[in-house]
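One structure is given below, encoded as structure tokens.
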Amino acid sequence: MMQTPRQLAFVLAAIIGGLSLVLQLSFIMALRLEESAFSLLIIPFIIFGATYFAVANITRNYIQSKIDVLYRTIRDFKTNSKSKYRKKTSNARDLLAELQTDVADWIATQTSELDSLRQLEQYRREFVGNVSHELKTPIFNIQGYLETLLDGADDDENVRQHYLQRAYDNADRLGTIVEDLNMIAKLESDTLQLVQKAFDLRQLLDEVFADALPFAQANHVNLICEPSKMLPIMVMADRDRIRQVLTNLITNGIKYRSNDHAFVRINAFETTDNWLIEVSDNGIGIAQQHLPRLFERFYRADSARSRAAGGSGLGLSIVKHIVEAHRQTIHVRSTETIGTTFGFTLAKE
Ligand code: ADP
């Protein structure tokens, strides 16, 4: 079978050269020419050579021009150029086999892009479902309390106060969910620009502790800051975003406390390039089966408690996004009824 332009050229050249040889021989015989005429037999070989080169080049150029069009079409569709366009394949043995390989590569790229588009679509559907589920509960609660008040429960001062407070708490929760969603959207679309500067984490810890103190005291949780007040912890990071990381982790430590001698403790350990910051508590802990999915948005190990505490289920996923935006890592270890430790790294200044 002829598979390459050269094979085709060889066969055609052999046929034409052969024919001209036979013709020439028959002329020499028929006209009984002198022996010197045999030297003219070189002509069929020249015809063979010329035909071979002409056919090989014309066919190659013709196929190449068709392949160029195909590649252009492929490249127009390509968003992720994995297979490189091999322009002049002068050493190529088999242009069509090359084309086949490249088209197979291209199909593989397209298929994986389609797969990730399908995954994105699935993710979008889940996300919309989760968001409406999260928003539904507080909205229905607010409606319920207001309806009860409208139906006359406001006659009793205590009941009115109670229902108004519950409606307010639910509105507050709606606000938290919307704020967290906004933050997640920014983090996931990369529109949130980090402003990284050198600062002393020790000072930031004081500020975060001061803000968290009323919530901790109201829940009888002791806040402990282990790193010495005297030694600065110089890091290179976005101070406001790290404040949010610390606030979310400390608030969780308080929300998921256990009753006896509850505490949330911060520690900092120096490594060669980084600081490792740990936020530990002796709270309810998290069962091992939840740990791998804990940083996913809307994932809750203890749904009832999370909702009762006004959680959006987005706190840890925001924390992870922020830490990873700094090109750092976060991990969790936990034992049920014993406590939980979140550890994340920050670059040293
Ligand atoms: P939430 O708003 O529900 O607190 P998070 O994303 O902050 O959302 O946390 C996800 C889940 O992880 C929580 O619902 C809770 O079940 C669990 N969790 C987080 N921090 C702790 C902790 N310190 N101790 C026990 N469970 C925790």
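For this structure, a couple of remarks:
- Among the residues of the stretch 314-343, those identified as open to solvent by less than 70 Å² (accessible area, probe 1.4 Å) and over 15 Å from Asn252 (Cα atoms) are His321, Ile322, Val323, Ala325, His326, Gln328, Ile330.
- Leading residue by the ranking (nearest to Arg327 (Cα to Cα)) among those in the stretch 227-256 that are within 16 Å of the ligand (Cβ to nearest atom) and of a type in the set (S, T, N, Q): Gln244
- Subset of the stretch 39-65 [more than 20 Å from Ile15 (Cβ to Cβ) and either modelled with pLDDT of 80 or more or not in a helix (DSSP H, G or I) (or both)]: Asn61, Ile63, Gln64, Ser65
- The residues of the stretch 270-308 that are under 15 Å from Thr341 (Cβ atoms), open to solvent by less than 30 Å² (accessible area, probe 1.4 Å) and near the ligand (Cβ under 9 Å from one of its atoms), listed by number, are Val279, Ser280, Asp281, Gly283, Gly285, Ile286, Leu294.
- Leading residue by the ranking (least open to solvent (accessible area, probe 1.4 Å)) among those in the stretch 161-191 that are hydroxyl-bearing (Ser, Thr, Tyr) and not in a helix (DSSP H, G or I): Ser189
- Within the span defined as the stretch 230-248, every residue fails to be hydroxyl-bearing (Ser, Thr, Tyr) and over 32 Å from the mean Cα position of the chain (by Cα).
- Among (1) near the ligand (Cβ under 8 Å from one of its atoms); (2) open to solvent by 60 Å² or more (accessible area, probe 1.4 Å) - the single one Gly311 does not satisfy: (2)
The values are calculated or read from the model by the stated rules, or taken from the named source; none is laboratory data. Since the structure is predicted, the reported quantities are computational estimates derived from the model, not experimental observations. Here Cβ is always computed from backbone atoms with ideal geometry, including for glycine, and neighbour counts include all displayed protein chains. The protein model used for the area step is the full one, side chains on, heavy atoms only, and it has no ligands, DNA or RNA in it. Shrake-Rupley method; radii C 1.70, N 1.55, O 1.52, S 1.80 Å.
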